[in-house]
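Visitor: One structure coming up, written as structure tokens, with questions to follow.
The values are calculated or read from the model by the stated rules, or taken from the named source; none is laboratory data. Here the structure is a predicted model, which is why all the values come from computation and not from measurement. Using ideal geometry, Cβ is built from the backbone for each residue, glycine included, and neighbour counts are taken over all protein chains shown.
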Ligand SMILES: Nc1ncnc2c1ncn2[C@@H]1O[C@H](COP(=O)(O)OP(=O)(O)OP(=O)(O)O)[C@@H](O)[C@H]1O
Ligand SMILES: [Mg+2]
């Protein structure tokens, strides 16, 4: 058996995580070797130019247009595998935490959950894929009679139409997907190290920012803020009378580290953060628990000096997500991987799940 260690361990097949975002596609290819996730390649391609808009702006493309972009990305990133897992946008899914009657028998519990779920899903149950997780009790053995008669369940539903679109993108681009996962769960796998403690994740995308609280290993709360990094670009363009392309470049170059476009960045980030603060307060008051850490992800999370700025807003430990830390890569790649990491959280999380299937 020791020989395996000597020769770098058993090699498994390569797998791919495919994150279909509103502004860009991201892929991450991993392979397992000696129990480690080796980073083989990664890449990103903006959707804007494929749909009459600009890099960094959200789009609304057809499955065919997305597949065309994805094929280009697979080629550019020199992806060598077809086996993948694909993200489902949070905006196309429904997550609700509900309290249902507890049953001792697991089969009976399943029936109760699946019947009761109908009341909480606003469309006919036949039109969605339903999934659910039982939230472990926060104080096992210490519940009062009422708590003991109830079970907390996270219901997760995705419309069949959305899955059909994703399936056709996958098929058109020549890939084979074994699962489709709501992006929140992929991100948690990639960047939340202590999913039992209340942790807030802010995924700052192009048009929107997703906020969610992870606790006891499940998503206790999720919310979407209708502001994202594309609004910063628009603000810079408007205030300096610049093109969107120039403003996008300035945003990336300067970030919050330089005075140039700082006021435009602060305008948008202060809006996002103040709404996130309200979510923190809402969570803490309802649950009588404190959020112990905040993790920033998404392309907006790559913004220079954002971590420093966020720390001034929240009196909570703030970290910028580093999903590639869960992968093995050459040391000289580390600085760049750390820098761009937040943007690849979803894709890394998908690839990590796919690796567990190998
Ligand atoms: N280095 C950077 N500095 C600042 N902003 C950046 C940087 N890199 C990317 N962005 C911005 O991040 C945004 C894209 O983020 P991301 O890739 O997470 O979005 P998405 O996944 O397409 O969107 P969503 O998840 O909302 O569907 C763009 O507006 C882009 O301009
Ligand atoms: Mg995204």
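Visitor: Answer yes or no as to whether residue 263 is touching a residue at least 12 places away in the same chain (Cβ under 8 Å), closer than 16 Å to residue 56 by Cα and loosely packed, with under 14 Cβ neighbours inside 10 Å. Working first, answer last.
Guide: Working: touching a residue at least 12 places away in the same chain (Cβ under 8 Å): yes; closer than 16 Å to residue 56 by Cα: no; loosely packed, with under 14 Cβ neighbours inside 10 Å: yes.
Criteria not met by residue 263.
Visitor: Go through (1) more than 16 Å from the chain's Cα centre (by Cα); (2) closer than 25 Å to residue 161 by Cα; (3) away from ligand 2 (no atom under 16 Å from the Cβ) and name the single condition residue 94 misses.
Guide: Of everything listed in (1) more than 16 Å from the chain's Cα centre (by Cα); (2) closer than 25 Å to residue 161 by Cα; (3) away from ligand 2 (no atom under 16 Å from the Cβ), residue 94 misses just condition (1).
Visitor: Another question, then. Looking at the stretch 241-345, what helices (runs of 4 or more DSSP H) fall wholly within it and have at least 2 residues that are farther than 20 Å from residue 28 by Cα and out of contact with any strand residue (DSSP E or B) (no Cβ under 6 Å at 6 or more places or on another chain)?
Guide: On the way: elements: 244-254, 262-287, 306-313, 334-340.
Filter on the stretch 241-345 gives 244-254, 262-287, 306-313.
Visitor: Also, I was wondering about something else. Can you spot a residue in the stretch 35-43 that is assigned by TED's automatic domain parsing to the domain that holds residue 226 and within 16 Å of ligand 1 (Cβ to nearest atom)? Walk me through it before giving the result.
Guide: We begin by selecting, within the stretch 35-43, every residue assigned by TED's automatic domain parsing to the domain that holds residue 226; these are 35-43.
If we keep only those that are within 16 Å of ligand 1 (Cβ to nearest atom) as well, we get 42-43.
Yes; the residues of the stretch 35-43 include at least one that is assigned by TED's automatic domain parsing to the domain that holds residue 226 and within 16 Å of ligand 1 (Cβ to nearest atom).
Visitor: Return the only residue of 37, 106, 46 being crowded, with 19+ Cβ neighbours inside 10 Å and free of Cβ contacts under 8 Å to residues at least 60 places away in the same chain.
Guide: Working: 37 fails: free of Cβ contacts under 8 Å to residues at least 60 places away in the same chain; 106 fails: crowded, with 19+ Cβ neighbours inside 10 Å.
After ruling out the rest, the residue left standing is 46.
Visitor: How many of the residues in the stretch 21-34 are buried (at least 18 other Cβ atoms within 10 Å of the Cβ) and not in a loop (DSSP other than H, G, I, E, B)?
Guide: Residues flagged as buried (at least 18 other Cβ atoms within 10 Å of the Cβ) and not in a loop (DSSP other than H, G, I, E, B) within the stretch 21-34 amount to 9.
Visitor: Give just the number: which of (1) in a helix (DSSP H, G or I); (2) within 24 Å of residue 220 (Cβ to Cβ) does residue 354 not satisfy?
Guide: Condition not satisfied by residue 354: (2).
Visitor: Which of the numbered conditions does residue 179 fail, given that it passes all the others? Conditions: (1) outside the structural domain of residue 276 (by TED's automatic domain parsing); (2) not in a loop (DSSP other than H, G, I, E, B).
Guide: (1)
Yes/no matrix, rows are residues, columns are (1) at pLDDT 95 or above; (2) within 23 Å of residue 253 (Cβ to Cβ):
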| residue | (1), (2) |
| --- | --- |
| 268 | yes, yes |
| 284 | yes, no |
| 288 | no, no |
| 304 | yes, yes |
| 327 | yes, no |
| 339 | yes, yes |
| 344 | yes, yes |
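Visitor: Further, regarding this structure: Just to be sure before I move on: is residue 163 within 16 Å of ligand 2 (Cβ to nearest atom) and either closer than 30 Å to residue 54 by Cβ or not assigned by TED's automatic domain parsing to the domain that holds residue 265 (or both) in the structure I sent? Walk me through how you get there before you give the answer.
Guide: Details: within 16 Å of ligand 2 (Cβ to nearest atom): no; either closer than 30 Å to residue 54 by Cβ or not assigned by TED's automatic domain parsing to the domain that holds residue 265 (or both): yes.
So residue 163 fails the test.
Visitor: Being in a helix (DSSP H, G or I) and touching a strand residue (DSSP E or B) at 6+ places or on another chain (Cβ under 9 Å) is true for just one of 45, 39, 74. Which residue is that?
Guide: Working: 45 fails: in a helix (DSSP H, G or I); 39 fails: in a helix (DSSP H, G or I).
None of the others qualify; the one that does is 74.
Visitor: Another question about this same structure. Restricting the search to the stretch 193-210, which residues are in a loop (DSSP other than H, G, I, E, B), surrounded by 21 or more Cβ atoms within 10 Å (Cβ to Cβ) and away from ligand 1 (no atom under 16 Å from the Cβ)?
Guide: Taking the stretch 193-210 as the starting set, the residues that turn out to be in a loop (DSSP other than H, G, I, E, B) are 193-198, 205-208.
From what is left, the residues that are surrounded by 21 or more Cβ atoms within 10 Å (Cβ to Cβ) are 198, 205-206, 208.
Once the filter is applied, which keeps residues that are in a loop (DSSP other than H, G, I, E, B), surrounded by 21 or more Cβ atoms within 10 Å (Cβ to Cβ) and away from ligand 1 (no atom under 16 Å from the Cβ), the stretch 193-210 yields only 198.
Visitor: From the list 268, 280, which one is over 25 Å from residue 340 (Cα atoms) and surrounded by 16 or more Cβ atoms within 10 Å (Cβ to Cβ)? Spell out the reasoning first.
Guide: Numbers: 268 fails: over 25 Å from residue 340 (Cα atoms).
None of the other options fit; the residue is 280.
Visitor: Looking for whichever is assigned to a strand (DSSP E or B) and touching a residue at least 24 places away in the same chain (Cβ under 8 Å) here; the options are 64, 162, 152. Which one fits?
Guide: Details: 64 fails: assigned to a strand (DSSP E or B); 162 fails: assigned to a strand (DSSP E or B).
Criteria check complete, one pass: 152.
Visitor: I'd like to verify a number: residues in the stretch 60-71 that are modelled with pLDDT of 95 or more and either outside the structural domain of residue 248 (by TED's automatic domain parsing) or within 24 Å of residue 252 (Cα to Cα) (or both), how many?
Guide: Number satisfying all stated conditions: 2.
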